[in-house]
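First the structure, in the form of structure tokens, and then the observations on it.
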Amino acid sequence: MNNFKEKLIHHFNLSESDFATLTETPSLSRLPSYERFQDIEKIKARIFKAIENHELIAVYGDYDCDGVMSTSILYQTFTLLNYPITYKLPSRYQDGYGLTISNIDHFFAQGISLIITVDNGISQTSAIEYANELGIDVIVTDHHEVLTDLPPAYAIMHPTLSGYGTVVSCGAYVALMLSRALLGRFDDYLVTLAGIATISDMMPLVSYNREIVRLALENLNREKYINIMKLAEANEVTEHVIGMKVAPKINAIGRMTTGSELNVLVEYITTQDIRRINDIYTWIYEINEQRKSTMKEAVANTDGLDLDQAAIVTITEENEGMLGLLAARYVNSYDKPSVVFTYESNDDQLLKGSARSRKGFNIAKAFQDLGNLMVKYGGHELAGGCTIKKEDFDEFKRRFNLLAEEYLFEEQVEKVIDITTTEINFDNYRIYRLLAPYGQGFEMPLFRLKAFLTRDLMFSRDGKHIITTLYMGIKLVSFNVDRTYIEERAQIDLIGTLNISEYKNYRDLNFYVQKII
């Protein structure tokens, strides 16, 4: 057996048969049947009745990548059924999250009699009650945690409530299963959209979540769908490319635009008009560049950050869509749980915040402990959102820091695979990619080059980066390094990952250094 393959099998604690199973050609047959969803026959019957009676149907989504893909999946499904519908992606700033009473009024005025929610709805009880009063049926398709009594929807399609499987899927996966039920088949492009959303929503990449991503990557790299390939900016699309290139561009629109502009994303995802794809892509690219520039400036501005405290709790002038990104950047930069607030757009006496953490400090539990200071809150172990009164900020900060002093981050023990430079080759990279996708629940392995001679390293002209050719087409790369630290040592350990870089017609295999010891 290949020694590199043996190391991978040992790292993931697999048997030979496990490896063979994980690397089999992906298949739609491994996705549990849509029939496992409770209410699915009732949902099918109601939708086909609406089509037969020429009712007006609306799909109501969300402003993140999962919501965009979910909405696009159903919009395209009805297009394939040759039945026109309307849709809405809500504005984070004007509508907020989830189906709202004001949007129910909007749909009622249009004559809509059936609303299908995607990636939301399971907690929108009051809005759905109101829709019922107006004679509008609401079908909820969602995947979020059920925190309250179920809403009085016509029917609910939810993986956890249905006992669909062992892991929670994203909203777009649920929408895909509804599409499968309506079309009587899977559409490869819609499968691809569900796979993209699975990565963007950071679902655990095991079981059918893993399979849908494998199918998506296979479809993308075979069919080269231009709508997605332009976002990917790569000839070969991996889960890393989706997570770092595709999803951020889609999410940037919901973060940076304040009106209904983001609805054009559904057109971008579903149109086959090359001119429209190019025009909309240019706009998406420009918005994403603004997002990156804004984030760079926000991170560089450390005014108001008390780095001596156990946690970072601060108020920023950035808009709400940037809060989660900024909090996550603070966690990574300063290794502290972080909550970033901004003023509520409709009430300057309220602060809206987003929190991020790591294992050891539970955001949901912290918010519960501070419940008497909260106007509203929600979240999970490592991420959450809340609204507090401006007058309570100082007390919130004091008590959140006390909790951070008590509940420390768990030390992360890195498990690495020791390899030699000769094992960094395209054959081994292909073996490594056989086990992909890597992500939540199936983490990308880290490799270690031990006792690498520093005299063999080559630096960029400005001395900030390592760019060393190991063999033809194989490079060792590290950005923004401390050259003095390296030159003071004869040998260093390099910990990193393997990836492919493409430039024009050149394709390099890189050992991308993440840590130097």
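Structure above, values below:
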{"read-out": "Residue within the stretch 417-425 that is without any contact (Cβ under 8 Å) to a residue 24 or more places away in the chain, closer than 30 Å to F367 by Cβ, in a helix (DSSP H, G or I) and open to solvent by 70 Å² or more (accessible area, probe 1.4 Å) present", "value": "no"}
{"read-out": "Hits in the stretch 315-368 (condition: under 15 Å from I388 (Cβ atoms), of a type in the set (D, E) and either open to solvent by 60 Å² or more (accessible area, probe 1.4 Å) or free of Cβ contacts under 8 Å to residues at least 12 places away in the same chain (or both))", "value": "D347, D348"}
{"read-out": "The stretch 214-253, subset within 18 Å of T497 (Cβ to Cβ) and more than 18 Å from the chain's Cα centre (by Cα), residue surrounded by the most Cβ atoms within 10 Å (Cβ to Cβ)", "value": "A234"}
{"read-out": "Within the stretch 29-81, tally of residues that are farther than 27 Å from I250 by Cβ, out of contact with any helix residue (DSSP H, G or I) (no Cβ under 6 Å at 6 or more places or on another chain) and outside any loop (DSSP other than H, G, I, E, B)", "value": "13"}
{"read-out": "Exclusive hit being within 29 Å of M256 (Cβ to Cβ), in contact with a helix residue (DSSP H, G or I) (Cβ under 9 Å, 6 or more places away or on another chain), small (G, A, S) and surrounded by 17 or more Cβ atoms within 10 Å (Cβ to Cβ), set S91, S123", "value": "S91"}
{"read-out": "Top-ranked residue of the stretch 469-482 - restricted to ones that are at pLDDT below 90 and open to solvent by 50 Å² or more (accessible area, probe 1.4 Å), ranked as farthest from Y503 (Cα to Cα)", "value": "D482"}
{"read-out": "Criterion (of a type in the set (V, I, T) and open to solvent by less than 10 Å² (accessible area, probe 1.4 Å)) met by exactly one of I466, I500", "value": "I466"}
{"read-out": "Sole exception among (1) within 21 Å of E267 (Cα to Cα); (2) at pLDDT below 95 for H144, by number", "value": "(1)"}
{"read-out": "Residues that are surrounded by fewer than 18 Cβ atoms within 10 Å (Cβ to Cβ) and in a loop (DSSP other than H, G, I, E, B), drawn from the stretch 203-213", "value": "P204, V206"}
{"read-out": "Any chance D493 is in a loop (DSSP other than H, G, I, E, B) and either open to solvent by 20 Å² or more (accessible area, probe 1.4 Å) or modelled with pLDDT under 90 (or both)", "value": "no"}
{"read-out": "Qualifying position, being over 30 Å from L74 (Cβ atoms) and either assigned to a strand (DSSP E or B) or aromatic (F, W, Y) (or both), among V375, V331, V299", "value": "V375"}
{"read-out": "Qualifying positions in the stretch 164-202 - modelled with pLDDT of 95 or more, open to solvent by 30 Å² or more (accessible area, probe 1.4 Å), hydrophobic (A, V, I, L, M, F, W, C) and closer than 20 Å to D39 by Cβ", "value": "L183"}
{"read-out": "Residues (open to solvent by less than 70 Å² (accessible area, probe 1.4 Å) and not small (G, A, S)) located in the stretch 382-394", "value": "L382, C386, T387, I388, D392, F393"}
{"read-out": "Candidates H106, H144 - the one that is surrounded by fewer than 22 Cβ atoms within 10 Å (Cβ to Cβ), within 28 Å of T257 (Cα to Cα) and without any contact (Cβ under 8 Å) to a residue 24 or more places away in the chain", "value": "H106"}
{"read-out": "Positions within the stretch 123-150 being in a loop (DSSP other than H, G, I, E, B) and closer than 15 Å to Q38 by Cα, in sequence order", "value": "D142, H143, L150"}
{"read-out": "Selection status of P84, assigned to a loop (DSSP other than H, G, I, E, B), open to solvent by 70 Å² or more (accessible area, probe 1.4 Å) and not hydrophobic (A, V, I, L, M, F, W, C)", "value": "yes"}
{"read-out": "Close pairs from the stretch 387-410: first of a type in the set (A, V, I, L, M, F, W, C), partner open to solvent by 40 Å² or more (accessible area, probe 1.4 Å), Cβ under 8 Å, at least 6 apart", "value": "I388/V375; F393/I315; L403/D369; A404/Q309; F409/D335; F409/R358; F409/K359"}
{"read-out": "Scan of the stretch 254-286 for residues that are of a type in the set (A, V, I, L, M, F, W, C) and open to solvent by less than 20 Å² (accessible area, probe 1.4 Å), ordered by number", "value": "L262, L265, V266, I269, I277, I280, I284"}
{"read-out": "Those residues of the stretch 426-451 which are in contact with a strand residue (DSSP E or B) (Cβ under 7 Å, 6 or more places away or on another chain), among the aliphatic types (A, V, I, L, M) and either in a loop (DSSP other than H, G, I, E, B) or open to solvent by 20 Å² or more (accessible area, probe 1.4 Å) (or both), in sequence order", "value": "M444, L446, A451"}
{"read-out": "Criterion violated by M244 - all others in (1) closer than 29 Å to H380 by Cα; (2) touching a Phe, Trp or Tyr at 6+ places or on another chain (Cβ under 8 Å) satisfied", "value": "(2)"}
{"read-out": "D149 open to solvent by less than 40 Å² (accessible area, probe 1.4 Å), among the acidic types (D, E), touching a helix residue (DSSP H, G or I) at 6+ places or on another chain (Cβ under 8 Å) and in contact (Cβ under 8 Å) with a residue 12 or more places away in the chain", "value": "no"}
{"read-out": "Filtered residue count, the stretch 36-76, keeping only those that are closer than 27 Å to I269 by Cα and either open to solvent by 50 Å² or more (accessible area, probe 1.4 Å) or not aliphatic (A, V, I, L, M) (or both)", "value": "20"}
{"read-out": "Qualifying residues in the stretch 388-416 (those that are touching a Phe, Trp or Tyr at 6+ places or on another chain (Cβ under 8 Å) and not in a loop (DSSP other than H, G, I, E, B)) - the one farthest from N499 (Cα to Cα)", "value": "K390"}
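This table checks each residue for (1) among the hydrophobic types (A, V, I, L, M, F, W, C); (2) touching a residue at least 12 places away in the same chain (Cβ under 8 Å).
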site: R180; (1), (2): no, yes
site: L183; (1), (2): yes, yes
site: F186; (1), (2): yes, yes
site: A194; (1), (2): yes, yes
site: R222; (1), (2): no, no
site: E239; (1), (2): no, yes
site: M244; (1), (2): yes, no
site: M256; (1), (2): yes, yes
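The values are calculated or read from the model by the stated rules, or taken from the named source; none is laboratory data. Predicted, not measured: the structure shown is a model, and the values here were computed from it. Ideal geometry is used to build each Cβ from the backbone, glycine not excepted, and the neighbour counts take in all protein chains shown. Just so you know, the surface numbers come from the protein's heavy atoms only, side chains and all, with ligands and any DNA or RNA stripped out. Shrake-Rupley method; radii C 1.70, N 1.55, O 1.52, S 1.80 Å.
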